[in-house]
Amino acid sequence: MSSGRIVAVLGSTGLQGTSVVKSLLRDGTFKPRAVARNPESAAARELADLGAAVVKGDLLDKASLLNAFMGCVAVFGITVPMYYDGADDTGIDEVVQGKNLVDAAKDAGVKFLVFSSLPSLAKLTDGKFTKAKNAEDKATVEDYLRANGLPHAAIHPGFFIENLWRYQFLRKSPTGLTFSVPLTPPDTMVLLTWVERDIPAVVLALLKNYDSADADKRSLVLGGVFPVVTTCSTYGAVADDISNAIDAPVAYVPGPGGAPPGDDSWLGKVYLSKHDWVPEPVPYPALVKLGVHLSTMQDLIRQEIKPRGSTCTKGHANVKDVTTCAQPGCGASCTNN
């Protein structure tokens, strides 16, 4: 049963936010308050049907955030790169979003904020790659949060494994499947994150321990930065793992560039991989101390990737689960039950 302690969740109809809301509902320690730009959207109504309170809030409207956060003990916050919505690639609006988020949380009396961030590629590469606005602006917001004094923690996800099918990085080919990301050779290191499973597990642990009676756990959480990484691999090895799981050829092929903010992000990671960059250990030791059990690559393959390598009775690849095709309008059963 929930204690009545309310946690506001930004981006509640997106991948990260939806996963966190559902996790909070299942766990019951906190009451999720889903914050959505359009509380009447189908995705928002689905969360309401599950038992979440849904309120209006827009990251570009600080007053709406202040209203959404009133009475909350904690907030899970994200910011959204504006070029994803068709705006220009300056990214300045993402910094505005983040500052609105932090200021509104503090003004509302929120006790703790978990911010989904990224490390600065400019810093990691000693200034060689500075245009990865999705990373730089989140890092700017993280610095602002740190200076603000609001008790907080930051999480740093890797490559969202769900993006393989959400954005068709993994596509059907005449001989099997093709795995392709822009400008990235197969030997490039990749930190993979199973968002739907692992981000909620970490967020819940942080929420449960920021005010823990255990001083060691409290000190781990407050001001901490937590890489949320399911597995560390290379793009070529991931293709091989998928191939072995679905018993079909999976070819890794570097894709073209063309979007400057994204290009710097991909190329910066290639640079790091070629210059002996050593990421944090997987699983991250501080998360282990907090009792977080992250998924493994084997879990990911068995529960998510292998079913998606099946075909339905109408021949469509990319099934949603082991019984239902994800092709819009299909709904046929899977041949690999």
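Could you go through region 72-86 and let me know if any residue there is part of a helix (DSSP H, G or I), closer than 24 Å to Val229 by Cβ, among the hydroxyl-bearing types (Ser, Thr, Tyr) and under 20 Å from the mean Cα position of the chain (by Cα). Looking through region 72-86, at least one residue is part of a helix (DSSP H, G or I), closer than 24 Å to Val229 by Cβ, among the hydroxyl-bearing types (Ser, Thr, Tyr) and under 20 Å from the mean Cα position of the chain (by Cα). Checked against (1) assigned to a helix (DSSP H, G or I); (2) over 25 Å from His156 (Cβ atoms); (3) of a type outside the set (Asp, Glu); (4) in contact with a Ser or Thr (Cβ under 9 Å, 6 or more places away or on another chain), Asn38 meets all criteria but (1). Residues that are more than 14 Å from Val250 (Cα to Cα) and either free of Cβ contacts under 8 Å to residues at least 12 places away in the same chain or hydroxyl-bearing (Ser, Thr, Tyr) (or both) within region 159-197 comprise Asn163, Tyr167, Thr184, Thr188, Thr193, listed in sequence order. Could we say that Ala147 is out of contact with any Leu (no Cβ under 6 Å at 6 or more places or on another chain) and at pLDDT 95 or above here? The answer is yes for Ala147.
Scan region 24-51 for residues that are surrounded by 22 or more Cβ atoms within 10 Å (Cβ to Cβ), of a type in the set (Gly, Ala, Ser) and out of contact with any Gly (no Cβ under 9 Å at 6 or more places or on another chain) and report the count. Lay out the reasoning, then the answer.
First, pick out the residues of region 24-51 that are surrounded by 22 or more Cβ atoms within 10 Å (Cβ to Cβ): 24, 30, 32-36, 44, 47.
Going one step further and asking which of them are of a type in the set (Gly, Ala, Ser), we end up with 34, 36, 44.
Pick out the ones that are also out of contact with any Gly (no Cβ under 9 Å at 6 or more places or on another chain) and you get 44.
Matching residues across region 24-51 total 1.
Looking across region 182-195, the residues that are surrounded by 19 or more Cβ atoms within 10 Å (Cβ to Cβ) and either outside any strand (DSSP E or B) or among the small types (Gly, Ala, Ser) (or both) come down to Thr184, Thr188, Trp194, Val195. Selection of region 87-110 for residues being at pLDDT 95 or above, in contact with a Leu (Cβ under 9 Å, 6 or more places away or on another chain) and either in a loop (DSSP other than H, G, I, E, B) or surrounded by 20 or more Cβ atoms within 10 Å (Cβ to Cβ) (or both) yields Gln97, Gly98, Asn100, Leu101, Val102, Ala104, Ala105, Ala108, Val110.
The values are calculated or read from the model by the stated rules, or taken from the named source; none is laboratory data. Just so we're clear, the structure is a prediction, and the values are computed from it rather than from any experiment. Glycine also receives a Cβ, built like all others from the backbone with ideal geometry; neighbour counts cover every protein chain displayed.
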